[in-house]
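One structure is given below, encoded as C-alpha cells.
Readers should treat all values here as calculations from the given coordinates under stated rules, not as data from a laboratory. Please read all numbers here as calculations on a predicted model, not as lab measurements. Every residue, glycine among them, receives a Cβ derived from its backbone with ideal geometry; neighbour counts consider all protein chains shown.
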Amino acid sequence: MNFIKVDSYERLSKIAADIIAAQVILKPDCVLGLATGSSPLGTYANLAEKCQKGELDFSKVTSVNLDEYVGLDSGNDQSYRYFMNKNLFTKINIDINNTNVPNGCADDIEAECLRYDKLIESLGGIDLQLLGIGLDGHIGFNEPGDKFIKGTNLVTLDPSTIEANSRFFASVDDVPTKAVTMGMGAIMSAKKVLLIANGKNKKEIVEKSFFGPITPYVPASILQLHNDLTVIYSEN
Ligand code: F6R
C-alpha cells in the first residue's frame, strides 16, 4: 500500500487527479471506476481543468460508477447519475454513451445487479477504481456486515450512512434507504485502487481500515489485500 498523507484537500485533489490523468495518458481507452460524494469533487474539478486545457483526452475512456440510490432517476438532482453528469461528464470530452451508473430505478433490481457485473466483465474489468470511504468504513455502499459481498448487490443503507448523507437532502427522511452498489469482487479485481479521504472525522476509520485487522465489519479493510492500492488522506 502506498499511503500518502497530505496537509490540504487541494493537495489531495491534485495528486488524485494526477494519478487518474496518468492512467488516461498511459491507456487512453481505459476503464475508470468512479465515485460520488464530496471527496472526489476537487479531483473532478482538476480533471475537468486538465481536459479543458487540452492536456487530457477522455474520448476513448469508459466509466463505471460504484453505486446509485434505489428509486432516484437521472433527472433527480440527488441521484448519482445526475451528480456525475453535473460534476464531471459534462465538463470533459467523455462520450456519455460510455459512462455507466447502476440503474436504481430498474423494475428488477436483481437483474440490474447481474447486468452491471456482466457489463464490467465485458469491459475487461476496471483499470483504476477511485473510492471514497464512509464513516463506517463502507466503500461503494458495501456496508459493514458479517461477510464481504462479491457481486453488485442491493443494500439497505446503514443508519449512520443515511445520517451522513442527509446533508445533501432537504431532510433525513428524504434520503433513500436502499442503494445498488458494485460489490467487492469488481473493486478488488480493479488493476489499481485509489482511495481518497479527508477530514478529521475520517481519521479513525482510515486508521482502522488500513492499519487494523481485515474484517467485513470494516469493509474498506479488504483493500489491504489489494496489490496496487494508493490511499491519500488529508486531515484538513
Ligand atoms: C459514493 C460512494 C461512497 C462515498 C462515501 C464517502 O459513490 O461510493 O462510498 O465515497 O460515502 O462519501 P463522502 O465523500 O461524501 O464523505
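Cα gyration tensor of the stretch 112-236, axes a ≥ b ≥ c as square roots of the eigenvalues: rounded (a/c below 1.5), prolate (a/b > b/c) or oblate? Oblate, since a/c reaches 1.5 and b/c is not below a/b.
In the chain the longest region clear of trypsin sites (Lys or Arg not before Pro) that are loop-assigned by DSSP and have at most 11 other C-beta atoms within 10 Å covers 54-146. Classified by the C-alpha gyration tensor, the chain has a rounded form. Its axis ratio a/c, with a ≥ b ≥ c, is below 1.5.
Put a plus charge on the Cβ of each Lys and Arg, a minus charge on the Cβ of each Asp and Glu, and nothing anywhere else: the dipole of the chain about its Cα centre is then about 720 debye.
Bridge orientation summary for the chain: considering DSSP beta bridges with both residues in this region, about 30 percent are antiparallel.
If exposed chymotrypsin sites (Phe, Trp or Tyr not before Pro) are those in a DSSP loop with at most 15 other Cβ within 10 Å, what is the longest stretch of the chain that has none?
That would be 1-168.
Using the charge dipole of the chain (Lys, Arg: +1 at Cβ; Asp, Glu: -1 at Cβ; taken about the Cα centre), state which of 35, 193, 119 has its Cα farthest towards the positive end. Positive-end residue among those listed: 193. The antiparallel fraction among DSSP beta bridges confined to the stretch 152-236 stands at about 45%. Would you mind classifying the stretch 44-160 by shape? Square roots of the alpha carbon gyration tensor eigenvalues, ordered a ≥ b ≥ c; an a/c under 1.5 is rounded, otherwise it is prolate if a/b is larger than b/c and oblate if not. In terms of gyration-tensor shape, prolate.
A Förster distance of 25 Å, applied to the separation of the beta-carbon atoms of residue 95 and residue 150, puts the FRET efficiency at 0.25. Mean separation of Cα pairs under 8 Å and 6 or more residues apart, divided by the residue count, gives the chain a relative contact order of 26 percent. Only aspartates and glutamates eight or more places from residue 202 in sequence, or on another chain, were considered; those with a Cα closer than 19 Å are 7, 10, 136, 143, 158, 163, 235.
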